Amino acid sequence: MKFSSLCVFMVAWSLLVYAPICHWVWASDGFFFQMGALDYAGGTVVHINAGIAGLVACLMLGRRTGYGSQHLAPANLTFAMIGACLLWFGWMGFNGGSGLAANERAVMAILVTQIAAAAGTISWMAAEWISRGKPSLLGMISGAVAGLVAITPASGFVEPAPALFIGLVAGVLCFWMVAVVKAKLGYDDSLDAFGVHGIGGMLGAVLTGFFANERRADGLRNYPPTDDAGRHPDLLGRSHADLRRHCELRHSLCDQEEPWVCASRRDEELTGLDLAIHGERIE
């Protein structure tokens with residue numbers, strides 16, 4: 001993707017997708033909030049949201065040149081490990097600081113974040129070891145991120161034992177999505193945004209409902225009236241309308257001929273976007 005296209009995408013996605021979902025989940029009059037949805041630090045708002053956006057983006061852009069025929073694994077595992085360590089450390093602030101207070105809830109959020117990340121690392125490593133005959137550092141990094149993602153919506157609401165379970169399941173499920181499902185479907189999600197963040201976020205959102213401690217979730221269960229069948233009649237209509245508007249916007253941008261909405265050309269991709277578009281060189 002060209003840098004100019006990325007800039008347009010970030011602004012459009014932040015305003016038209018991210019901001020409305022923030023309101024749905026976290027505002028007191030948001031319909032997900034009123035349904036009783038619990039999302040302490042952004043499992044739905046950030047990870048499910050961004051994971052699905054990443055999947056749509058990779059489907060629209062198509063596969064990278066050489067995908068499926070060339071080895072396109074990360075070029076520097078040292079940098080990948082450094083990045084994972086920064087993520088793991090920073091996630092303590094991401095989850096622990098989401099309550100905007102230094103209290104018992106923040107301490108517990110940090111603790112369960114560490115537990116789920118470690119559990120995700122171990123379960124991904126075990127799944128990879130069993131299925132491929134050997135573990136990998138890249139897989140362990142992915143497992144840690146899967147555990148971090150899955151615990152994000154639950155971090156302010158669960159105890160250590162459920163956090164351990166969430167992390168273990170996240171590592172195995174996300175490994176299956178990345179190693180099996182992605183290969184079968186054939187889409188090129190280079191950083192596994194959907195397989196790790198989208199699926200991990202969905203898992204965490206569901207398991208939050210099973211394991212949330214009622215005392216910790218106090219004040220956040222405010223269900224709106226339902227119809228005779230126990231359904232929320234406005235949910236499907238709103239979701240369908242929002243999805244339709246999003247698709248119309250996507251088509252209005254991607255069907256144009258201006259270069260700022262186009263994917264990079266094959267020759268630019270082979271040369272390297274830093275060199276072909278930005279003219280950056282290392283002498």
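Read-outs throughout are calculated quantities, based only on the coordinates presented, and are distinct from any laboratory measurement. Keep in mind that what you see is a predicted model, and the values were worked out from it rather than measured. In this analysis, Cβ positions are derived from the backbone assuming ideal geometry, glycine residues included, and neighbour counts consider all displayed protein chains.
Observations, loosely collected:
- Sequence-distant residues sharing a close amide H with S155 (under 5 Å, placed H): Y40, A41
- Projecting the Cα atoms of N95, I115, T78 onto the dipole axis of segment 76-211, where Lys and Arg carry +1 and Asp and Glu carry -1 at the beta carbon, places T78 farthest toward the positive end.
- Under Stokes-Einstein, with the Kirkwood radius over Cα pairs as Rh, the value for segment 76-211 at 37 °C and 0.692 mPa s is 224 µm²/s.
- If R0 is 41 Å, the Cβ-Cβ spacing of M1 and F210 corresponds to a FRET efficiency of close to 0.60.
- Packing-based exposure ordering (other Cβ within 10 Å, fewest first) of I21, I141, I130: I130, I21, I141
- Neighbour counts of other Cβ atoms within 10 Å put V145, V158 in the fewest-to-most order V145, V158.
- Dipole moment magnitude, nearest 20 debye, segment 1-145 about Cα centre, only Lys, Arg, Asp, Glu C-beta charged: 540
- By other beta-carbon atoms within 10 Å, ranking I110, I166, I82 with the fewest at the front produces I82, I110, I166.
- Under 28 Å from K134, Cα to Cα: lysines that are on another chain or at least 8 residues apart: K182, K184
- Here the 3J(HN,Hα) profile of segment 143-149, calculated from phi with Karplus coefficients 6.51, -1.76 and 1.60 at θ = phi - 60°, is x, 4, 5, 4, x, 5, 5 Hz, Gly and Pro shown as x.
- Along its first, second and third principal axes, ordered by size, segment 1-48 spans 40, 17, 11 Å in Cα coordinates.
- Cβ-Cβ distance of M60 and L15, R₀ of 22 Å, FRET efficiency by 1/(1 + (r/R0)^6): the value works out to about 0.70.
- Whole-Hz Karplus values for segment 71-82 come out as 7, 10, 5, x, 7, 9, 5, 4, 5, 4, 5, 4 Hz, taken residue by residue from phi with 6.51 cos²θ - 1.76 cosθ + 1.60 and θ = phi - 60°; glycine and proline positions read x.
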